[in-house]
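Bear in mind these aren't lab numbers, they're just calculated from the coordinates by the rules spelled out. Remember, it's a predicted structure, so these values are computed and weren't measured experimentally. Here the Cβ positions follow ideal geometry from the backbone for every residue, glycine too, while neighbour counts run over all protein chains shown.
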Amino acid sequence: MKFREIRLENFKCYADAELRLDEGVTVIHGVNGSGKSSLLEACFFALYGSKALDDRTLDDVITNGAEDAEIELAFDHGGEAYRIERRIRFSGERAQTAKCVLEAPDETIEGARAVRGYVADLLRMDAEAFVNCAYVRQGEVNKLIHASPSDRQDMIDDLLQLGKLEEYRERASEARLAVKDVLSELRGNVDEIDGQIEAKEEKGLHERLNELESERNETTAEIERIEDQLDTARETKESAESVLEEFEEKREEIDELAEDVEELEETIRETESERDRLKDRIAEKRERRDELREKRDELLAEAQEAGDLDADGSASGSDDGADLAEAVEDALAEIRETDERLQEELNDLSGEIQKHASEAETARERADELESTAAEKREEADELEADLDDDESTLAERREKLDEIDEEIEAAKDRFEDAPVAFGEAESHREELRERKDELDDELGDVRAELRTVRSQIEEAEELLEEGKCPECGQPVEDSPHVDALSDDRERLSELEDERDELKAEIEDVEADLETANELVEAEREVDQLRENRSSVEQLIDEREDALEDRRKRVERLRGEADEHEADAETKRSEAADAEDRADERRERIAEINAERGDLRERRERLESLGDALDELDDAEADIEDLREKRAAKADLNDERRQRLSEKKERKRALEDEFDADRVEEARAEKKRAANYVEQAESTLEDLREERDDLIDRIGGVRNELDELESLRERRERLVERRDALDSLYEEAEQLQETYGDLRAELRQRNVETLERMLNETFDLVYQNDSYSHIELDGEYELTVYQKDGEPLDPEQLSGGERALFNLSLRCAIYRLLAEGIDGAAPMPPLILDEPTVFLDSGHVAQLVELVGSMRDLGVEQIVVVSHDEELVGAADAVVHVRKDPTTNRSTVERGEAPALLAE
């Protein structure tokens, strides 16, 4: 990487400057305070932005009295051209980045953070790594030697990308531990399965299976033998049961015949008794017939006397009973016909009465409904009128509410009268304050870091003063033109302390402004809410006004409808009275009809009584004849029963002669013996079958255990294969972990050895005396200087000049190591030395010239040195003179050429 051109406008002490930087050694020369270091700081700031300002802020970048500053850097990297442009502008009381653009070969990147990230990826180093590697800033020449071994190790390891190997080693370690956990669990599973297999093998499952199958076969043979004998016993039992069933059937038939004989004899006796009872009933019926004849004659006389029958309609005997019954029926038919006619008329009248009554009731109900509706409408109209007053009052209150909301909105807006922003800008203002506070916090951290550095420089300078040497160049005080450097550092310390206090105060102010901004944001939100509320109230007022007008119209309509309903109600009540009069006329006619029907009912009752008597007399005659027939039939039935009784007695005697008691007894004995054997055999078979089933179950259990044993063996085989695979994987992970560790250690050792060699080569070149033999750098980057007599020294024990040369040698050796290690894959940035002659006397400056020349000879394409030393100017390929106008306090740059004194 090489810087090509830097252009500045209002950057620190430069109003307008432009500088081209070429390959080789460029010395930026000028007196102290002329602005030499500001040129390098501009390059650094162009690359990394605020991260390059160390302990300062963006305010320090802009020239005093100017409103903005511009920095433009053009550089080459990897054979490609790049350009960065930054513009810083005051916004309010603080400076902020207004523009940041990086033009790359294939794209354009915008934004301070995006550009800084792109540069870090491009150079493979952030701002801190850039300072540690290529940029030796003023006052930081002793940074590496003052760092602890662990910090020095982290710096160099990060530059060499060795931290990635440690990250990979930790990942491999985590993978190894995970495999170890799974492997431990798997080994436990294998041991558990081995125990299960051993337990099952100890049971002798195959021998047990053979024994159980032999027992099962023997039991099966015994079951088959008993089953054959059981079949024979069942046949014998069935034969005996057949004989017993035959004799039992005959016994049952004899018993049934005996029962039948007894039943028939009893039935014949009962039937004769029934014939006697029928004889008695016939006598009773004859007496009842005579009584009914007397009643008939009495009822006939009454009917003739009342005129219900003609005088020739009498009947005192059975010959004319049919004629009398016919005459009674004719008279009843005539009465029924008259009654039906009256009933029809009565029904018609009832329907008319009901119709007229219904009309009257309907008219009255309609009148009631109309009057009720009229009353409801008048009541509704009254209620609406009452509500109108309440609604008008509510409407007035809501109009007052609108005025209150307007006042609240104005009160909230009034809070912006003395505010730093206008209404509607509070949210963006608060966001700017938050960003400003973050920048101030970063600036405060940077100031505190620079304070620590300046204090360290002052302490070291005071030590040199005590030794009688200049704190800037290390020369004796009486011969040095730089005795005022310490006072400048002290003045800078005071300025930093003041700046730190100002930043703290400013942070407090910003925090107070943030609280105010939060209140303003809340006020804007409150106004938005009030405006929404006001819109809602306006909408309610409009709706309520429309509703009031509708209600007034409805009141008028309701009162008119009420008058119409009351007039209709009067008409309906008049119609109801007319219908009621028509109903009363029909009721009078119904009373006349009911009287006529009462006379008819008396006549019908007399005739019906006569008819009932005639019917009952006919029934009595029929009952007497029926009883006679029943008595004769029962006599015939008993004759048939006596015949069947004789036949059954004969059959019973024949069966009793065929019955053999001895044969029956013998069959019973055989059945009993066969039944006992069957019962015993079945019990034995049940036991044998249970025993066989138990043996089958036990055989199945043994076979299941054999299957489980085989399954366990197969599972163990799979687990062992997996265990062996995991053992191999664990070894591979362990080897990978060790490889990363060994590789990191090896690379670090190689880097240490190379760095130690380069450091000794460089130190020997710039420090040619007989005091020291060599420098030793161990694996932890611990540095030790050895004297000629072999006595080790800590670098802190070196003198100020020796220590400065030692550190410059170390920084150059690190730069060489990175350049050679990267091997051109990512070209190194220029080697930048800012005031490297601090703490160096004239002899040591010559050695520094040798160091710069050696770095150029080793292939460093661009070296930029800031110095006021004339000897370094003579060793440069190009010289940039920086001068400051004492009147305007502005610096200018002028480029010149110088002979390359180190070309030889």
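Our coupling estimate for region 873-887, obtained by passing each phi through the Karplus curve with A = 6.51, B = -1.76, C = 1.60 and θ = phi - 60°, is 4, x, 8, 8, 7, 8, 10, 10, 8, 10, 10, 10, 6, x, 7 Hz, Gly and Pro reported as x. Axis angle, to the nearest 10 degrees, between helix 800-822 and the longest C-alpha principal axis of the chain: 50 degrees. In loop segments of region 363-442 as defined by DSSP, the GluC sites (Glu not before Pro) with at most 13 further C-beta atoms inside 10 Å of their C-beta are E417.
Here the chain carries DSSP beta bridges of which approximately 75% are antiparallel, counting only pairs with both residues inside.
Evaluating 6.51 cos²θ - 1.76 cosθ + 1.60 at θ = phi - 60° for every residue in region 362-372, the Karplus couplings come out as 5, 5, 5, 4, 5, 4, 4, 4, 5, 5, 5 Hz, glycine and proline recorded as x. If the cut-off is a Cα-Cα distance under 16 Å, which aspartates and glutamates reach K634, setting aside same-chain residues fewer than 8 apart in sequence? Reachable aspartates and glutamates: E265, E266, E270, E272, E274, D276, D280, E625, D626. Sparse packing (at most 14 other Cβ atoms within 10 Å of the Cβ) combined with a DSSP loop state is found for none of the trypsin sites (Lys or Arg not before Pro) in region 366-417. In the chain, the longest principal axis of the Cα atoms and the axis of helix 112-123 are about 70 degrees apart.
Which residues in region 242-259 have a backbone N closer than 18 Å to a point placed 7 Å from the Cα of L655 along the Cα-to-Cβ line? Taking a point 7 Å out along Cα→Cβ of L655, the residues of region 242-259 whose backbone N falls under 18 Å are 243-259.
Rounded to the nearest 20 debye, the dipole size of the chain about its Cα centre is 6440 debye, using +1 on the Cβ of Lys and Arg and -1 on the Cβ of Asp and Glu.
Counting only DSSP H runs of at least 4 residues, each contributing -39500 (n - 2.57), and dividing by the residue count of the chain, the helix-based mean residue ellipticity at 222 nm comes to -26500 deg cm²/dmol.
The candidate values were (1) 32.3, 100; (2) 28.7, 93; (3) 68.3, 191; the one computed from these coordinates for Rg and Dmax of the Cα atoms in Å carries the label (3).
I want to verify the translational diffusion coefficient of region 225-384 in µm²/s; compute it with Stokes-Einstein, Rh as the Kirkwood radius over Cα pairs, at 25 °C and 0.890 mPa s.
Numbers: Rh = 27.5 Å.
D = 89 µm²/s.
By how many degrees, 0 to 90 and rounded to 10, does the Cα axis of helix 661-766 deviate from the longest principal axis of the chain? With rounding to tens, the tilt is 20 degrees. For region 172-229, applying the loop criterion from DSSP together with a ceiling of 11 other beta carbons within 10 Å to the GluC sites (Glu not before Pro) yields E202. Determine the alpha carbon to alpha carbon distance for each of K36/K504; K250/K648; K652/K672; K279/K648; K51/K504; K36/K99 and list only those over 22 Å. From the list (K36/K504; K250/K648; K652/K672; K279/K648; K51/K504; K36/K99), the Cα-Cα distance tops 22 Å for K36/K504; K652/K672; K279/K648; K36/K99.
Let me check I've understood the local charge: for N704, count other residues with C-beta under 12 angstrom from its C-beta, Lys and Arg +1, Asp and Glu -1. What total comes out?
Working: positive: K200, R698, R703; negative: D697, E705, D707, E708, E710.
Surrounding charge for N704 is -2.
By the beta-carbon count within 10 Å of each Cβ, the least crowded to most crowded order of T892, T57, fewest first, is T892, T57.
Only Cα pairs under 8 Å and at least 6 apart count here; give the relative contact order of the chain as a rounded whole percent. For the chain, the relative contact order is 28 percent.
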